[in-house]
Amino acid sequence: MPQASVFFIRTNQFEDETLPLEKGEFELANGIVNVYEQKLRSFRRSYNIKLSISIALFILAVVPILSASMLIGSSALTFAMINVTLLMVAGGILIMVPTTAQYEAYRILLRIIDTDSEKARWTILGEKLAGFYWPLITMFYLAWSFWATNWDSSWIVWPIAAIFFVALTGLIELVGSRSN
């Protein structure tokens with residue numbers, strides 16, 4: 001987990017230097033474009049595998065807590081399984097963050113990302129909302145679960161939060177499209 005924090009801090013300190021790249025204010029030579037296209041093609045398989053592993057870790061992270069609370073019922077074991085869950089989430093983040101950063105860097109360099117369209121603006125807005133929304137939901141889930149020690153039923157937060165997030169982004173897009 002500290003590696004992810006260091007990664008975000010180091011990435012953020014160079015934001016001014018990378019902004020022209022994200023806005024597409026550069027031109028690559030033809031030979032360089034071919035090199036990066038080849039690198040992206042060879043990286044895509046690794047990207048898909050690593051992304052699948054990290055998503056699987058996120059999905060399966062609830063299994064230790066749920067199995068300990070439902071099958072065994074011991075509070076001490078349930079609390080111990082929280083460490084396993086957090087390790088699984090941290091492992092998923094450790095795999096996902098550098099992998100997606102490298103993939104997005106290739107896409108930015110090759111200008112595969114359309115940053116000027118209306119859809120791209122909504123995607124960026126959704127990403128900003130997600131950066132606030134999901135940590136807030138996680139805090140709510142952990143607070144409720146620790147306070148009530150009711151891990152076997154607090155999982156319901158996740159599907160409700162996911163549906164609400166989709167509805168919220170749809171509402172924001174609807175309001176935004178009407179104002180234009």
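The values are calculated or read from the model by the stated rules, or taken from the named source; none is laboratory data. Predicted model, so just to flag it, every value in this text is computed and none were measured. Neighbour counts run over all protein chains shown; Cβ positions are idealised from the backbone, glycine included.
Structure above, values below:
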{"item": "Residue in the range 126-180 that is nearest to T78 (Cα to Cα), counting only those that are within 15 Å of the chain's Cα centre (by Cα) and not hydrophobic (A, V, I, L, M, F, W, C)", "result": "T138"}
{"item": "Scan of the range 43-87 for residues that are more than 16 Å from the chain's Cα centre (by Cα), not in a helix (DSSP H, G or I) and not polar (S, T, N, Q), ordered by number", "result": "G73"}
{"item": "Hits in the range 90-101 (condition: buried (at least 16 other Cβ atoms within 10 Å of the Cβ) and out of contact with any Leu (no Cβ under 6 Å at 6 or more places or on another chain))", "result": "A90, I93, L94, I95, M96, V97, T99"}
{"item": "Selection within the range 133-145 - closer than 17 Å to V97 by Cα and loosely packed, with under 11 Cβ neighbours inside 10 Å", "result": "P135"}
{"item": "Unmet criterion (only one of (1) out of contact with any Leu (no Cβ under 7 Å at 6 or more places or on another chain); (2) modelled with pLDDT of 75 or more) for Y106", "result": "(1)"}
{"item": "From A143, A120, residue being at pLDDT 85 or above, small (G, A, S) and either not assigned by TED's automatic domain parsing to the domain that holds R44 or not in a helix (DSSP H, G or I) (or both)", "result": "A143"}
